[in-house]
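Here is the structure we will look at, set down as structure tokens.
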Amino acid sequence: VERVMQEVLAIKPDIVFLWDEAWFAFAGFTHTYRRRTAMYVANKLSERYKSEAYRLKYNEAVKNGTAENLPDPKKVRIRAYATQSTHKTLSALRQGSMIHIYDEDFQLKSKDSFLEAYMTHTSTSPNYQILGSLDISRRQVQFEGFELVEKSIEMAMVLRSKIASHPILSQYFDVLTVKNFIPEEYRESGIEEYFNPDTGWSRMDEAWRNDEFVLDPTKINLFIGRTGVDGDTFKNKYLMDKHGIQVNKTSRNTVLFMTNIGTKRSSVAYLLNVLLLITEEVKKSNEGLVGQAELMLQNRIHSLTKETPPLPDFSNFYESFQAVKGIPGGNLRSAYFMSYDESKCRYIQLADCTQYMEEGNVIVSASFVIPYPPGFPILVPGQVLSKEILEFFIKLDVKEVHGFHRDLGLRIFTKEALESVSKSASNGSQAQTIKKDDVGIKSN
């Protein structure tokens, strides 16, 4: 956070930073986490840039020609806003959230517009129970926040170590660690994992102090591929239906557990016991498999462990929906509202997409397509379907896909609609050229 803010302020010294700290409301109450929060960094930078020592450092850098990444102390203004879903990690009722502000120009530039936007998007009949719970959660962490957050980290570390070192659990599960998420070049500390059965604990604080990217230890990503069970089935059939454990975030081969200030040792013990019961059930159900059934199991395990589809890059917007030619950004609004006209849309089955594209046709999405998990759009209105996105979509064996109808297929714009919008865009460009020529401006 600090590095990003400093380098951006060197480019635009009065930029407004908007940080989404949705699951990070607890971070301000222990020093390891606090140094990566918006409000802490904003206060730190404000004091730094006002100091005489920094002014001397900046002037010296200007003389040496090395000030490109240093903000000008005469121009810099610290303006940071952070949103937190307080209810997710502190003791507030559902929907209880906060907006934190550190803006040196708030009174002069932002107060009226901020309050107007705030009043527009909030109710005139507030829920006083939610507001009261926000006060309680704030007061609680003021009194005992450090102890509670440190305890949640301890419980996460205990869970990680028990799974990694247990002779049965480690056969079926892996806790994904730092090296699984963060490339080596972004880990100055060299730390690969917080716990290793052979070498023990690593110093988490060192990684959080020096590394560009870090892994929050309270987010325990459990790899379940070797069970032969996909994430959605594991979540619903095994955890929720049989043992009453609710998990919101999964992928096709992982399940995410999170510890918080309310997690106790009994909670960790219960989860470990449930995981043992699940391994026993999986083992028993697989023991009797022979022939084709056994081969199917091995193929399923191989698919979940070795054939994970690579995340595709964004393709591009269709030429008529590009805001600027050759630039990835597009006119999403135009495509979105055009999709409201049913006569300009049709459906195509995924199985037919490859041949349709090989015939020289372009497939342009008319809706947001969001598979869950992972929960992010792989297509947006106006975006061209690429072969890589199609391959990812086909291999992503999840049941819930928003914006996609399994019976009808993918909703796309018709050929005629695309030709019509291309013609309109061309006419608009031609009219703009004529207008420039009329006033004596040479146009290419």
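No value in this document is a laboratory result; all are computed from the given coordinates. Keep in mind that what you see is a predicted model, and the values were worked out from it rather than measured. As a convention, Cβ positions derive from the backbone with ideal geometry for all residues, glycine included, and neighbour counts pool all protein chains shown.
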Can you give the extra length, in nm with one decimal, that the chain gains between Trp201 and Ile168 once fully stretched, where that is 0.36 nm per residue apart less the Cα-Cα distance? 9.8 nm
With the cut-off at 20 Å, tell me which of the pairs Lys242/Lys395; Lys283/Lys395; Lys237/Lys283; Lys235/Lys283 have Cα atoms farther apart than that. Lys242/Lys395; Lys283/Lys395
Please rank Met119, Met258, fewest neighbouring Cβ atoms within 10 Å first, as an exposure proxy. Met119, Met258
Set the Förster radius R0 to 22 Å, insert the Cβ-Cβ distance between Lys63 and Ala10 as r into 1/(1 + (r/R0)^6), and round the FRET efficiency to 0.05. 0.85
Counted neighbours (other Cβ, 10 Å), sorted fewest up, put Leu379, Leu311, Leu410 in the order Leu311, Leu410, Leu379
Mind jotting down the distance between the C-alpha centroids of segment 79-103 and segment 283-354, whole Å? 34 Å
Tell me the label only: which of [x] 31; [y] 23; [z] 9 is percent of Cα pairs over 43 Å apart as calculated from this structure? [x]
Suppose R0 equals 41 Å; then what is the FRET efficiency for Gln292 and Gln355 from their Cβ-Cβ distance, rounded to the nearest 0.05? 0.85
A correct fewest-to-most ranking of Val175, Val384, Val398 by other Cβ atoms within 10 Å would be Val398, Val384, Val175
Restricting to aspartates and glutamates and to Cα separations under 19 Å from Lys219, and discarding same-chain partners fewer than 8 apart, the set is Asp20, Glu21, Glu147, Glu150, Glu154, Asp174, Glu192, Glu193, Asp205, Glu206, Asp211, Asp232
What chymotrypsin sites (Phe, Trp or Tyr not before Pro) in segment 319-349 are in a loop by DSSP, with at most 15 other Cβ atoms within 10 Å of the Cβ? Tyr340
Sorted on mean Cβ neighbours within 10 Å (highest first), peptides 122-131, 224-233 come out as 224-233, 122-131
Cβ-placed point charges (K, R +1; D, E -1), dipole of segment 36-142 about Cα centre in debye, nearest 20: 260 debye
Just how far, in whole angstrom, is segment 14-42 from segment 173-205 if you go by their alpha carbon centroids? 23 Å
For Ile394 and Ala269, compute 0.36 nm times the residue count separating them, minus their Cα-Cα distance, and round to one decimal in nm. 41.2 nm
Inter-label distance for Asp20 and Gln107, nm, one decimal - labels placed 7 Å from Cα along Cα-to-Cβ: 3.3 nm
Counting each DSSP H run of 4 or more residues in the chain as -39500 (n - 2.57), what helix-only mean residue ellipticity at 222 nm follows after dividing by all residues, to the nearest 500 deg cm²/dmol? -14000 deg cm²/dmol
Pull out the extension gain between Met119 and Asn43, defined as 0.36 nm times the separation in residues minus the alpha carbon to alpha carbon distance; nm, one decimal. 24.7 nm
What do you get for trypsin sites (Lys or Arg not before Pro) in segment 269-373 restricted to DSSP loop and a cutoff of at most 15 other Cβ within 10 Å of the site's Cβ? Lys325
Check which residues have an amide H placed less than 5 Å from Asp72's amide H, if you skip close sequence neighbours. none
Please give every one of the lysines within straight-line cross-link reach of Lys63, meaning a C-alpha to C-alpha distance under 26 Å, and leave out same-chain neighbours fewer than 8 residues apart. Lys12, Lys44, Lys50, Lys74, Lys75
Taking the Cα centre of the chain as origin and charging only Cβ (+1 Lys, Arg; -1 Asp, Glu), how large is the dipole, in debye to the nearest 20? 800 debye
Distant-in-sequence amide H partners of Ala80 (H built 1.01 Å from N, under 5 Å): Phe17, Tyr102, Asp103, Glu104
